[in-house]
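A short write-up of the structure that comes next.
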Amino acid sequence: MSSEKNFFKQIKASLNKSNFIQKIENKYNSGFPDLIIITETLPLFIELKAPIKGNRIKLEKSQVSTHLRINKNNYISFILVKDPRTSNAFLFDGYSVANAIVLGQEQPCFVFHGSIAQCIANCNSLAQRKMSIASFSL
């Protein structure tokens, strides 16, 4: 079984039964995050990545564009990188990584490191915070 499939199964197992998860297999419109998880209140857009040399996150141009568009529409995207030493993961803000790539800046540090369940809970918390700020500013 591929490491991404295994990663997906770990994520699915860590979710509440009330959450809906969909793995996106899209051959024709590249760039969309690998997963969409719909929680009680919010959609979470999550790109899955395996660690690469130099601890850098590599995104295709279409992925960069998508993370920027998700942010522009007042949603939040994430990049979840499996920790190669443990069954944990590193969570990154998708917009921050994409923006750093566009600006040629150093990639930002992860926002959370822990179990997959903790990372998903952190995604939900960050998304709720962003949505409350966005609705407050309207």
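Within the range 29-82, being among the basic types (K, R) and either under 25 Å from N16 (Cα atoms) or part of a loop (DSSP other than H, G, I, E, B) (or both) holds for K49, R56, K58, K82. Look at the range 119-131: where a residue is within 13 Å of N71 (Cα to Cα), no partner that is open to solvent by 40 Å² or more (accessible area, probe 1.4 Å) and assigned to a helix (DSSP H, G or I) sits 6+ places away or on another chain with Cβ atoms under 8 Å. Selection of the range 71-100 for residues being in contact with a helix residue (DSSP H, G or I) (Cβ under 6 Å, 6 or more places away or on another chain), open to solvent by 50 Å² or more (accessible area, probe 1.4 Å) and of a type in the set (S, T, N, Q) yields only N74.
One residue stands out among those in the range 1-52 that are open to solvent by 70 Å² or more (accessible area, probe 1.4 Å) and of a type in the set (A, V, I, L, M): the one that is modelled with the lowest pLDDT, which is M1.
Filtering the range 83-138 to residues that are modelled with pLDDT of 85 or more, part of a helix (DSSP H, G or I), among the polar types (S, T, N, Q) and more than 19 Å from N16 (Cβ to Cβ) leaves S96, N99. With respect to being open to solvent by 30 Å² or more (accessible area, probe 1.4 Å), at pLDDT 90 or above and aliphatic (A, V, I, L, M), L68 fits the description.
The values are calculated or read from the model by the stated rules, or taken from the named source; none is laboratory data. Everything numeric in this text was worked out from a predicted model, so none of it was measured. Every residue, glycine among them, receives a Cβ derived from its backbone with ideal geometry; neighbour counts consider all protein chains shown. Just so you know, the surface numbers come from the protein's heavy atoms only, side chains and all, with ligands and any DNA or RNA stripped out. Shrake-Rupley method; radii C 1.70, N 1.55, O 1.52, S 1.80 Å.
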